[in-house]
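The values are calculated or read from the model by the stated rules, or taken from the named source; none is laboratory data. Every value quoted in this text rests on a predicted model; they were computed, and no experiment measured them. Cβ: placed from backbone, ideal geometry, glycine included. Neighbour counts: every protein chain shown.
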Amino acid sequence: MDFFAMGEDAIGAFCFVLSLGFKQMALYYAPAIGSYLLAKCLYLGTVKGCVNSEFLNVGLQSRNSRSRLFLQLAIVTLSTFILLFLPWLPPFASSSAILKPIIRIFPFSRGLFEDKVANFWCASNVLVKWKTKASPSNLVKLSTLLTALGFFPSVATLLRAGIMTAPPATTVNNEVAPEGALQKPGLSSEIPTFLRLLPYALLTSSMSFFLFSFQVHEKTILLPLMPMTLLLTNANFDSPEYHWGLLFNNVSVFRWVFDLANCQCD
């Protein structure tokens, strides 16, 4: 797959928005996916090294690659969301009808948590009875804040990597390649740093949502498990990393631990 194929990024954005519309759990990956795409926009804003005049011509055609990719992603994302919610938008419905799917997607009225999910709220509820200590609106704000603080380092790291690892301008045939020039695919095996960091960002983002977000279900541990599995593919079976991965994989179903601790989550 061509890393610099911006059309594939637009298709990916379209499919990801569809996944959000199908199940809101895809939101667990949204900070990582969004910051990765922004990092790529920042990366493409700087000259990618060229080695001959043919590649320089590719760069000349891609002078505004950063802005073009950003606009493509913005247009595709916005138009796909509008398409999904079109039945609840005027003139097909009243202006207040859009609240109906939003309330179902974000069920704040159900309370902070249910059942015995092994996340921060249920575990800490043994000591701090959250539902009696704070109002539902304050719990929503606190949950949102902690979730954002959890995935913020990965977002900031991806964006910084997109800026810092962008290839510098190079001179080709005594000419300086313009901003936004791209190297012809296949000539370099070097993978941009922010692409290498994407599995870590997916893990951090999804785990942050699992631990701190509102109304977490035990099955959502499968979302951190996917990038965790990718990261463990090269880990030795006897390594601490592999053992930690198995622990995180199963921690959500350890309901009996909370039962023994007399965790009253309701």
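Only a single item in (1) more than 30 Å from Leu198 (Cα to Cα); (2) at pLDDT 90 or above is not met by Asn125, and it is number (2). Among the residues of this structure, Ser154 counts as one that is part of a helix (DSSP H, G or I), within 24 Å of Ser67 (Cα to Cα) and at pLDDT 90 or above. Taking only the range 91-143 into account, find how many residues are of a type in the set (S, T, N, Q), part of a helix (DSSP H, G or I) and under 14 Å from Gln215 (Cα atoms). The number of residues fulfilling the criteria is 3. Considering the range 157-168, the residues that are among the small types (Gly, Ala, Ser) and within 13 Å of Leu37 (Cα to Cα) include one that is modelled with the lowest pLDDT, namely Gly162. Scanning the range 101-128 for residues that are touching a residue at least 12 places away in the same chain (Cβ under 8 Å), surrounded by fewer than 20 Cβ atoms within 10 Å (Cβ to Cβ) and over 26 Å from the mean Cα position of the chain (by Cα) yields Asp115, Val126.
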